Amino acid sequence: RHFRRPSTDGTSMTIVFPATVPFKMNRDGYSEILPNNIIETPMETGPKKRRKRFTSGVTQISGSITMTLAEWETLRAFYNNTTAGGALPFEIPHPATGVTVTANFAKPPVFTPFGVGCRAQLALEIRT
């Protein structure tokens with residue numbers, strides 16, 4: 001199982017979500033929370049002063065993927081081995097836009113039996 005490819009700078013390997021696991025999140029239960037990069041400073045008089053806190057942020061995405069048991073085993077191996085238990089970032093297509101983004105597991109995947117396969121509940125953080 002090869003989930004790594006050379007990076008564009010040639011100095012490291014980029015981890016890529018396994019192509020054999022369908023990364024199509026179910027509409028039911030999908031959510032996306034945009035980064036909160038604003039800091040507010042109270043003033044002695046007048047409205048609070050607001051400014052951007054960081055130059056980038058983290059978008060939180062959660063949802064489930066329906067998969068076969070074989071795909072579930074692949075995802076388990078990807079999480080446990082390739083991403084070192086969720087410690088390493090990886091590339092995925094953004095669930096809404098399809099654009100390749102860098103993500104991290106925010107929590108371990110939760111697997112639930114569903115029909116003849118299962119559903120994996122994913123909580124991801126996407127760097128913006």
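Return yes when L124 is open to solvent by 60 Å² or more (accessible area, probe 1.4 Å) and under 22 Å from D28 (Cα atoms) and no when it is not. So L124 does not fit the description; no.
Taking strands (runs of 3 or more DSSP E) that fall entirely within segment 68-119, which contain at least 1 residues that are open to solvent by 40 Å² or more (accessible area, probe 1.4 Å), touching a residue at least 12 places away in the same chain (Cβ under 8 Å) and farther than 11 Å from I15 by Cβ?
Where strands (runs of 3 or more DSSP E) fall fully within segment 68-119 and carry at least 1 residues being open to solvent by 40 Å² or more (accessible area, probe 1.4 Å), touching a residue at least 12 places away in the same chain (Cβ under 8 Å) and farther than 11 Å from I15 by Cβ, they are 90-93, 110-114.
Taking every residue in segment 23-40 that is under 21 Å from T112 (Cα atoms) and pairing it with any residue that is open to solvent by 40 Å² or more (accessible area, probe 1.4 Å) and outside any strand (DSSP E or B), at least 6 positions away or on another chain, the pairs with Cβ-Cβ distances below 8 Å are F23/P95; K24/P95; M25/P95; Y30/P95. All conditions but one from (1) outside any strand (DSSP E or B); (2) over 16 Å from I92 (Cα atoms); (3) modelled with pLDDT under 85 apply to H2; the one that does not is (2). Any chance segment 43-57 includes a residue that's under 22 Å from R127 (Cα atoms) and of a type in the set (A, V, I, L, M)? Checking segment 43-57: not a single residue is under 22 Å from R127 (Cα atoms) and of a type in the set (A, V, I, L, M).
The values are calculated or read from the model by the stated rules, or taken from the named source; none is laboratory data. On a predicted model such as this, the values are computed, not experimentally measured, just so you know. Cβ sites come from the backbone with ideal geometry, for glycine too, and all protein chains shown count toward neighbours. Accessible surface is based on the protein model in full, side chains and every heavy atom, while ligands, DNA and RNA are left aside. Shrake-Rupley method; radii C 1.70, N 1.55, O 1.52, S 1.80 Å.
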